[in-house]
Amino acid sequence: MEKLSGLYEGVIQEIGEDPTREGLLKTPERVAKAIQFLTHGYSLDPAEILKSAMFKEEYRQMVLVKEIELYSMCEHHMLPFFGKAYVAYIPDGQIVGLSKIPRVVDAYARRLQVQERLTYQIRDCIQETLRPLGVAVVIEAQHMCMQMRGVQKQNSVTTTSAFTGEFLKENTRNEFISLISSDLNK
């Protein structure tokens, strides 16, 4: 923490601010704590998260967890991107506690990331650990690096998808897309 705080104090100085100014006195420490929280996914093992709650079950239909909030940091600019993940799998003798799927999303999202890799990492972790008949992951996110700087397109949304197994079949993929697009609560 101390080393990170010192580095951020240097950054504040380099941009032309006075790190001894009252409003900035504790900023290096606050930023160091924030960056540690925003990147704590490096200390997590997503496969172990899944393994901690796997259960034998003969259910063989789609299990979908929708609208999982995610927050990540673009590895190119270290600016946030945020949005929602939609994750589904078709069990093959094993199910997983439902809370573990958002935890896997967070474990990968809380790292320096690109959305494309994040999508594959979630898919591959579930596929390799749970060994289901298929996995589907869709992520929709807004990237502050596109909204605050560079192209400055405030309303842009990036969508990525990744599929394995049964989700490579058109009818299963279409069912998944239909379910993530619908609002069954209304």
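Restricting attention to the stretch 166-181 and to residues that are under 21 Å from Leu118 (Cβ atoms) and open to solvent by less than 40 Å² (accessible area, probe 1.4 Å), the residue that is modelled with the lowest pLDDT turns out to be Ile180. The requirement of being closer than 24 Å to Asp183 by Cα and in contact (Cβ under 8 Å) with a residue 24 or more places away in the chain is satisfied by Lys100. Reported count of residues in the stretch 139-153, each being open to solvent by 10 Å² or more (accessible area, probe 1.4 Å), touching a helix residue (DSSP H, G or I) at 6+ places or on another chain (Cβ under 8 Å) and touching a residue at least 24 places away in the same chain (Cβ under 8 Å), is 1. Every test in (1) in a helix (DSSP H, G or I); (2) in contact (Cβ under 8 Å) with a residue 24 or more places away in the chain is passed by Asn174 save one, and that test is (2). Of all residues in the stretch 154-165, which are polar (S, T, N, Q), within 13 Å of Tyr86 (Cα to Cα) and open to solvent by less than 70 Å² (accessible area, probe 1.4 Å)? Answer for the stretch 154-165, where residues must be polar (S, T, N, Q), within 13 Å of Tyr86 (Cα to Cα) and open to solvent by less than 70 Å² (accessible area, probe 1.4 Å): Thr160, Ser161. Inside the stretch 90-114, residues that are in contact with an Asp or Glu (Cβ under 9 Å, 6 or more places away or on another chain) and closer than 12 Å to Val63 by Cα make up a count of 4. Comparison of Arg123, Arg117 shows that the only residue that is open to solvent by 70 Å² or more (accessible area, probe 1.4 Å) and at pLDDT 95 or above is Arg117.
Taken over the stretch 91-107, the residue count meeting the criterion of being open to solvent by less than 20 Å² (accessible area, probe 1.4 Å), out of contact with any helix residue (DSSP H, G or I) (no Cβ under 7 Å at 6 or more places or on another chain) and in a helix (DSSP H, G or I) is 1.
The values are calculated or read from the model by the stated rules, or taken from the named source; none is laboratory data. No experiment lies behind these values; they were computed from the predicted model shown. Cβ: placed from backbone, ideal geometry, glycine included. Neighbour counts: every protein chain shown. Note: accessible area is taken over every heavy atom of the protein model, side chains too, but ligands, DNA and RNA are not part of it. Shrake-Rupley method; radii C 1.70, N 1.55, O 1.52, S 1.80 Å.
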